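Before any comments, here is the structure.
The values are calculated or read from the model by the stated rules, or taken from the named source; none is laboratory data. Note that the structure is predicted; figures quoted are calculated from it, not measured. No Cβ is skipped: glycine too gets one built from the backbone with ideal geometry, and neighbour counts run over all protein chains shown.
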Amino acid sequence: MAIELRSNDTPAIITGYNLEKHFQLGDQWVTALAGLQFSIPRGQFVAIMGPSGSGKSTLLYILGGLDRPSAGDVVVAGRPLTRLTGEELAEFRRLTIGFVFQAFHLVPTLSALENVALPGVFAAIPRELREQRAFRLLKALGMADRLEHRPAQLSGGQQQRVAIARALFNDPPIIMADEPTGALDSKTGQTVMRMLRYLCSRQNKTVLVVTHDPVVASYADRIIHLRDGQIIRDEWRRLAGSRRARQTEPQEVNRDVS
Ligand code: ADP
Ligand code: MG
């Protein structure tokens with residue numbers, strides 16, 4: 001039996017109002033989200049779980065401003081996303097959200113350092129500055145000795161660390177990850193989850209992770225269970241920012257490099 005906890009004193013950083021998403025496939029309509037209503041406090045670590053096709057990725061992409069809802073609204077860090085132009089949405093994504101994907105999505109021709117520094121190219125940050133920042137991030141994630149490696153020369157876990165460092169480049173308040181451990185063995189996957197947990201517990205990042213793995217979800221403060229585009233269960237396991245949240249020292253994060 002889950003312990004039900006509710007925090008009312010931490011302000012919401014993400015709120016969904018009757019979110020709907022329908023896709024047209026030929027003359028058929030598919031409902032991916034069937035009216036979701038929820039609020040996520042700043043600093044919470046949320047796992048979004050549910051069977052394949054339940055709407056997890058669709059929800060994450062709408063909350064991250066990568067897609068737009070068919071109906072309803074979403075307010076993230078004070079911005080009503082449905083009212084932003086495409087350009088404003090791109091700016092919102094760049095400054096507010098760090099994305100991590102199952103397939104890493106690194107640029108194969110660039111080194112680890114260059115991949116991490118890439119968001120700084122788009123932000124017109126001078127090369128020296130962006131490479132300094134990329135180095136600091138890779139070092140913090142235990143990758144200081146892999147700066148010049150290309151993605152193909154790195155293990156899956158190392159590639160995902162590069163992707164996490166890249167997601168952190170602009171110091172966004174929110175990290176969103178779609179099945180971040182899906183391509184990793186379970187031990188490496190847990191290292192990645194400990195890093196995300198650390199970013200939440202120690203740096204007060206709000207973390208949203210889509211997963212169908214209960215072990216991955218065990219790192220979260222809260223599990224939102226989806227089925228057929230609806231929230232069927234909203235399980236609060238600990239309060240956002242709670243001292244009781246699992247805390248991980250950086251040394252421990254760096255220990256099992258694989
Ligand atoms: P999950 O990530 O939980 O596996 P998705 O959010 O990817 O689920 O998909 C939810 C539902 O919406 C599924 O039925 C899927 O087929 C449908 N869907 C998702 N994206 C599209 C799309 N671009 N076009 C048509 N249908 C889509
Ligand atoms: Mg998905």
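Values for this structure:
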read-out: The one condition in (1) within 16 Å of ligand 2 (Cβ to nearest atom); (2) over 20 Å from PRO173 (Cα atoms); (3) without any contact (Cβ under 8 Å) to a residue 40 or more places away in the chain that GLY86 fails to fulfil; value: (1)
read-out: Every pair of residues 6+ apart whose Cβ atoms lie under 6 Å, when the first sits in the range 89-117 and is on the phi > 0 side of the Ramachandran plot while the second is at pLDDT 95 or above and of a type in the set (Gly, Ala, Ser); value: PHE104/ALA163
read-out: Selection from the range 15-58 of residues that are surrounded by fewer than 17 Cβ atoms within 10 Å (Cβ to Cβ), near ligand 1 (Cβ under 9 Å from one of its atoms) and part of a loop (DSSP other than H, G, I, E, B); value: PRO51, SER52, GLY53
read-out: ALA77 being at pLDDT 95 or above and under 20 Å from the mean Cα position of the chain (by Cα); value: yes
read-out: Scope the range 124-149; condition more than 23 Å from GLN190 (Cβ to Cβ), surrounded by fewer than 17 Cβ atoms within 10 Å (Cβ to Cβ) and either modelled with pLDDT of 95 or more or polar (S, T, N, Q) (or both); matching residues; value: PRO126, ARG127, GLU128, LEU129, GLN132, ARG136, GLU148
read-out: ILE97 being of a type in the set (Val, Ile, Thr), within 16 Å of ligand 2 (Cβ to nearest atom), surrounded by 14 or more Cβ atoms within 10 Å (Cβ to Cβ) and at pLDDT 95 or above; value: no
read-out: Where a residue in the range 202-226 is on the phi > 0 side of the Ramachandran plot and its partner, wherever it lies, is among the small types (Gly, Ala, Ser) and modelled with pLDDT of 95 or more, with Cβ under 8 Å and at least six apart; value: ASN204/GLY43
